[in-house]
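Below is one structure, written out as structure tokens; the observations come after it.
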Amino acid sequence: MSEKTPLLQVKNLKQYFKVSNNYTVRAVDGVTFDIYPGETYGLVGESGSGKSTIGRSIIRLYNPTEGQIIFDGTDISGKLDKKATAALRTQMQMIFQDPMACLNPRKKVGEIIGEGLDIHHLYANRKERQDKIDRILAKVGLAPEHADRYPHQFSGGQRQRVGIARALIMNPKLIIADECISALDVSIQAQVVNLMKDIQEETGTAYLFIAHDLSMVKYISDRIGVLHLGHLLETGTTEEIFAHPVHPYTRSLLSAIPSPNPVVEKSRVAESYDYATSGLDYNAGSLHQLEGTHQVWGTDEDVARWLAK
Amino acid sequence: MEREKVLTVRDLSITFTTTAGPVHAIRGVNLDLYRGETLAIVGESGSGKSVTVKAAMGILAKNGKVDSGTIEYTYHHDDGTPETVDILKMKKKDIRRHINGKRIAMIFQDPMTSLDPTMTIGKQIMEGMIWHYKTPKEEAYKKAVSLLKEVGITDAEARMGNYPHQLSGGMRQRVVIAIALACDPELLICDEPTTALDVTIQAKILELIQRIQKERRISVIYITHDLGVVAKVADFVNVMYAGRIVETGTINEIYYEPAHPYTWGLLSAMPDLDTNDHRLYTIPGSPPNLLHPVTGDAFAPRNIYALKIDDRAEPPMFKITDTHYAATWLLDPRAPKVEMPAELKARIQRMKKEAK
Ligand SMILES: Nc1ncnc2c1ncn2[C@@H]1O[C@H](COP(=O)(O)OP(=O)(O)OP(=O)(O)O)[C@@H](O)[C@H]1O
Ligand SMILES: Nc1ncnc2c1ncn2[C@@H]1O[C@H](COP(=O)(O)OP(=O)(O)OP(=O)(O)O)[C@@H](O)[C@H]1O
Ligand code: SF4
Ligand SMILES: [Mg+2]
Ligand SMILES: [Mg+2]
């Protein structure tokens with residue numbers, strides 16, 4: 001591994017939700033990973049595995065139940081002072097899974113995008129503000145006149161681009177992109193992903209890219225983490241994960257990627273995986289170091305068995 | 001077997017009034033759906049997919065207006081006699097009472113807009129059964145729990161009492177699917193039904209819908225940009241661009257013999273797991289702003305194969321086979337012979353080989 005210091009370190013993060021007196025959801029259950037400056041870390045895993053919760057804990061929409069989050073050298077897992085909050089709100093941005101949930105329906109899109117600039121006084125005059133908004137709209141493939149529309153007057157994909165514009169305009173060090181392209185059609189997905197790559201090259205922004213579309217994750221990520229039931233089961237470079245998946249869950253996930261080939265796809269069966277009958281216990285075991293940056297979670301026997309295959 | 005018509009859309013045009021002027025979102029759409037079959041609508045964001053199917057459910061935003069067209073829907077009364085209605089001529093109240101939810105169910109693109117944040121998800125799944133069929137409460141409860149299990153939600157009974165915000169994005173989407181299936185609809189419209197789901201659960205949901213489809217011979221319309229999903233489920237594909245259908249055909253025709261340059265672009269933009277390209281192909285430019293009237297072929301400005309005529313006249317649908325049509329002047333007998341891009345051709349060759 002390189003000597004670079006990570007931009008973000010997540011150590012043994014736990015996030016529990018108490019739903020009722022006798023029902024607690026362990027949404028995230030001891031997750032550890034790092035993100036380096038300028039890289040893209042892809043987080044994949046089934047619905048409900050805790051991906052969004054990790055993103056939300058990192059940006060401190062929740063108070064972590066346990067564990068440490070270190071961002072740009074500062075521990076941000078405890079109580080935040082004013083300075084740390086301001087830094088967090090500008091240096092880290094999140095693009096949400098639900099575009100509408102975070103877009104104020106009574107505000108025009110131009111105001112929504114400019115909001116961050118207003119709060120943190122990031123322009124000298126009206127004209128500079130307007131220029132910044134126009135430029136970012138163009139970057140995400142919207143027209144300047146779209147700034148005068150309300151969120152509900154957009155198609156689903158157009159709304160998602162508003163969310164992306166809103167995050168990009170702040171020039172953050174880390175963008176947490178929660179399923180930010182899932183609602184887009186392929187050609188715009190490709191545009192947005194290429195756009196995100198260009199911006200990364202230009203500004204050195206790092207991404208935490210949360211998605212379930214593995215073909216896109218493969219394409220955009222430098223490294224990948226595979227999450228299941230709140231546990232990080234396997235992590236490594238994209239190459240390591242796709243070419244040599246070790247954990248049976250990772251293997252089943254990769255085998256379920258739909259192929260855009262009708263004849264093949266209509267007859268394909270994916271490898272099945274069911275935790276309840278797998279005989280595995282995610283709470284037992286440890287992170288095993290394989291080749292390179294490749295790590296897999298399991299007991300010594302489990303890992304030995306998987307590697308022998 | 002004789003194919004039974006379920007939905008026939010003819011010449012549908014819809015305009016929205018906005019502060020910037022009228023937006024001609026739908027410009028003459030034709031669609032045909034038969035009983036037991038699956039139709040997919042694909043196309044860029046904003047091309048009018050959602051507006052089209054919402055019109056079929058009698059839902060139109062307040063600022064929207066139908067300029068022309070018919071949407072004929074054929075269903076069966078309880079005694080088996082068929083009846084055909086034009087949805088566009090029906091009263092809102094009658095649509096709600098007799099059609100929506102009961103005969104035609106839709107899984108909306110934005111799960112939260114169709115879930116009530118103040119009501120438990122259990123109640124919401126039971127609601128339709130109780131309202132349309134007067135199902136007794138216990139029976140509705142049991143069916144709701146089993147539906148939740150079927151869409152892959154663990155601890156289904158405990159989850160019945162959850163409110164939407166207590167669920168993850170994909171769980172919410174699955175609740176919406178359970179609501180749609182609760183009333184045993186004859187026509188199921190799925191607008192991006194699995195975009196928030198990971199591949200394993202996606203496969204499970206698609207298989208569930210396919211199974212129900214086989215058991216009850218229901219018809220399904222899928223709107224999705226995931227061409228892998230389309231490959232798995234669809235019998236027929238409609239490619240939509242700027243408010244029109246520009247190519248229609250069987251799944252194999254569209255994937256192996258695409259004829260419209262826009263379809264070429266869509267297929268080329270799919271990430272290919274077999275290659276390690278550093279940039280994804282994107283279709284140059286952006287879709288036309290439908291605030292301005294379209295003259296000629298709407299795709300022409302982005303089409304490197306565009307002919308002179310494309311700037312002047314909108315192409316008609318040219319017939320390729322009985323099931324395959326495309327609206328591109330390239331198919332006119334007088335047009336020069338143009339082939340699809342070489343990379344796409346190679347990719348299709350690879351796909352065909354793999355399929356053997
Ligand atoms: N209420 C409205 N007022 C004004 N314009 C609208 C309204 N609803 C939809 N539109 C416009 O109509 C066009 C078609 O929208 P539609 O929602 O059908 O797109 P779509 O094909 O479903 O796209 P996506 O894949 O992004 O969901 C878009 O340009 C959209 O901006
Ligand atoms: N505020 C909350 N209260 C109670 N439970 C919650 C809350 N937020 C999330 N959860 C639960 O935590 C678990 C993980 O949810 P999360 O949203 O992180 O999943 P996800 O991996 O993002 O899934 P998806 O792919 O479906 O979006 C789920 O079981 C969910 O029900
Ligand atoms: S995408 Fe739109 S609608 Fe969904 S959560 Fe969302 S709000 Fe809600
Ligand atoms: Mg999520
Ligand atoms: Mg839509």
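The values are calculated or read from the model by the stated rules, or taken from the named source; none is laboratory data. Predicted model, so just to flag it, every value in this text is computed and none were measured. Reconstructed Cβ throughout: ideal geometry from the backbone, glycine too, with neighbour counts over all protein chains shown.
Residues considered: B:Ile104, B:Ile130, B:Ile179. Of these, the only one that is more than 16 Å from ligand 3 (Cβ to nearest atom) and within 25 Å of the chain's Cα centre (by Cα) is B:Ile104. Quickly run through the stretch B:205-241 and pick out the residues that are away from ligand 3 (no atom under 16 Å from the Cβ) and farther than 24 Å from B:Arg103 by Cα. Answer for the stretch B:205-241, where residues must be away from ligand 3 (no atom under 16 Å from the Cβ) and farther than 24 Å from B:Arg103 by Cα: B:Asp226, B:Leu227, B:Gly228, B:Val229, B:Ala231, B:Lys232, B:Val239, B:Met240, B:Tyr241.
Is the stretch A:116-126 home to any residue that is within 14 Å of chain B (Cβ to nearest Cβ) and without any contact (Cβ under 8 Å) to a residue 24 or more places away in the chain? For the stretch A:116-126, residues within 14 Å of chain B (Cβ to nearest Cβ) and without any contact (Cβ under 8 Å) to a residue 24 or more places away in the chain: absent.
Among the candidates A:Arg89, A:Arg129, A:Arg56, the residue that is within 15 Å of ligand 2 (Cβ to nearest atom) and either outside any strand (DSSP E or B) or within 14 Å of another protein chain (Cβ to nearest Cβ) (or both) is uniquely A:Arg56. Candidates in the stretch A:274-309 are the residues that are under 25 Å from the mean Cα position of the chain (by Cα) and over 21 Å from A:Glu240 (Cα atoms); of these, the one that is surrounded by the most Cβ atoms within 10 Å (Cβ to Cβ) is A:Tyr282. Do we have B:Pro336 as farther than 30 Å from A:Arg268 by Cα, surrounded by 15 or more Cβ atoms within 10 Å (Cβ to Cβ) and without any contact (Cβ under 8 Å) to a residue 60 or more places away in the chain here? Taking the combined requirement at face value, the residue does not satisfy it. In this structure, B:Pro117 qualifies as more than 26 Å from B:Leu7 (Cα to Cα) and within 27 Å of the chain's Cα centre (by Cα). Of all residues in the stretch B:205-222, those being more than 22 Å from B:Arg3 (Cβ to Cβ) and buried (at least 21 other Cβ atoms within 10 Å of the Cβ) number 1. Against the conditions (1) within 15 Å of ligand 5 (Cβ to nearest atom); (2) of a type outside the set (D, E, K, R); (3) in contact with a Lys or Arg (Cβ under 9 Å, 6 or more places away or on another chain); (4) at pLDDT below 90, B:Ile41 satisfies every one except (4).
With the condition kept exactly as written, say whether any residue in the stretch A:168-176 is within 11 Å of chain B (Cβ to nearest Cβ) and either closer than 26 Å to B:Met171 by Cα or under 17 Å from the mean Cα position of the chain (by Cα) (or both).
From the stretch A:168-176, those within 11 Å of chain B (Cβ to nearest Cβ) are none; that's our starting set.
No.
Of the residues making up the stretch A:7-43, those that are in contact (Cβ under 8 Å) with a residue 40 or more places away in the chain and more than 27 Å from B:Tyr163 (Cβ to Cβ) number 17.
Criterion applied to A:His288, A:His212 was being more than 20 Å from A:Glu301 (Cα to Cα) and touching a helix residue (DSSP H, G or I) at 6+ places or on another chain (Cβ under 8 Å), and the one residue passing it is A:His212.
Scanning the stretch B:160-198 for residues that are within 12 Å of ligand 2 (Cβ to nearest atom), surrounded by fewer than 22 Cβ atoms within 10 Å (Cβ to Cβ) and without any contact (Cβ under 8 Å) to a residue 40 or more places away in the chain yields B:Gln166, B:Ser168. In the list B:Leu7, B:Leu12, which residue meets the criterion of being crowded, with 21+ Cβ neighbours inside 10 Å, more than 16 Å from ligand 2 (Cβ to nearest atom), without any contact (Cβ under 8 Å) to a residue 60 or more places away in the chain and under 16 Å from B:Tyr73 (Cβ atoms)? Just a single option satisfies the conditions, and that option is B:Leu12. Among the numbered conditions (1) within 7 Å of chain B (Cβ to nearest Cβ); (2) part of a helix (DSSP H, G or I), the only one that A:Ser182 does not meet is (2).
The set of residues in the stretch B:99-126 being assigned to a helix (DSSP H, G or I), more than 14 Å from chain A (Cβ to nearest Cβ) and of a type in the set (Val, Ile, Thr) consists of B:Ile99, B:Ile125.
Might you let me know whether the stretch B:309-316 holds any residue that is under 24 Å from the mean Cα position of the chain (by Cα), touching a residue at least 40 places away in the same chain (Cβ under 8 Å) and buried (at least 21 other Cβ atoms within 10 Å of the Cβ)? No, that holds for no residue.
Summed over the stretch A:290-309, residues that are among the polar types (S, T, N, Q) and farther than 16 Å from A:Val226 by Cα total 1. Taking the stretch A:232-252 on its own, how many of its residues are within 23 Å of A:Arg26 (Cα to Cα) and either of a type in the set (Val, Ile, Thr) or touching a residue at least 60 places away in the same chain (Cβ under 8 Å) (or both)? Summing the residues that are within 23 Å of A:Arg26 (Cα to Cα) and either of a type in the set (Val, Ile, Thr) or touching a residue at least 60 places away in the same chain (Cβ under 8 Å) (or both) in the stretch A:232-252 gives 5. If A:Pro260 passes every condition in (1) within 13 Å of another protein chain (Cβ to nearest Cβ); (2) within 22 Å of the chain's Cα centre (by Cα); (3) within 30 Å of A:Leu195 (Cβ to Cβ) but one, which one does it miss? Going through the list (1) within 13 Å of another protein chain (Cβ to nearest Cβ); (2) within 22 Å of the chain's Cα centre (by Cα); (3) within 30 Å of A:Leu195 (Cβ to Cβ), A:Pro260 breaks only (2).
Output the residues belonging to the stretch A:130-177 that are of a type in the set (Asp, Glu) and either crowded, with 22+ Cβ neighbours inside 10 Å or away from ligand 1 (no atom under 16 Å from the Cβ) (or both). Listed by number, the residues that qualify are A:Asp131, A:Asp134. Just to be sure before I move on: is A:Val246 β-branched (Val, Ile, Thr) and either closer than 19 Å to A:Lys51 by Cα or within 14 Å of chain B (Cβ to nearest Cβ) (or both) in the structure I sent? When the stated conditions are applied, A:Val246 does not pass them.
Please go through the stretch A:129-143 and give me each residue that is charged (D, E, K, R) and touching a residue at least 40 places away in the same chain (Cβ under 8 Å), ordered by number. Selection gives A:Lys139 alone.
Looking across the stretch A:270-287, just one residue is more than 9 Å from chain B (Cβ to nearest Cβ) and closer than 30 Å to B:Gln349 by Cα, and that is A:Glu271.
Conditions (1) touching a Ser or Thr at 6+ places or on another chain (Cβ under 7 Å); (2) more than 16 Å from ligand 3 (Cβ to nearest atom); (3) of a type in the set (S, T, N, Q), marked per residue:
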{"position": "B:Lys5", "(1), (2), (3)": "yes, yes, no"}
{"position": "B:Val9", "(1), (2), (3)": "no, yes, no"}
{"position": "B:Ser13", "(1), (2), (3)": "yes, yes, yes"}
{"position": "B:Thr19", "(1), (2), (3)": "no, yes, yes"}
{"position": "B:Val29", "(1), (2), (3)": "yes, yes, no"}
{"position": "B:Arg35", "(1), (2), (3)": "yes, yes, no"}
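The set of residues from the stretch A:133-143 being modelled with pLDDT of 85 or more and away from every other protein chain (no Cβ under 11 Å) comprises A:Ile133, A:Asp134, A:Arg135, A:Ile136, A:Leu137. Against the conditions (1) touching a Ser or Thr at 6+ places or on another chain (Cβ under 7 Å); (2) within 24 Å of A:Val264 (Cα to Cα); (3) assigned to a loop (DSSP other than H, G, I, E, B), where does B:Thr321 fall short? Just the number, please. Going through (1) touching a Ser or Thr at 6+ places or on another chain (Cβ under 7 Å); (2) within 24 Å of A:Val264 (Cα to Cα); (3) assigned to a loop (DSSP other than H, G, I, E, B) one by one, B:Thr321 breaks only (1).
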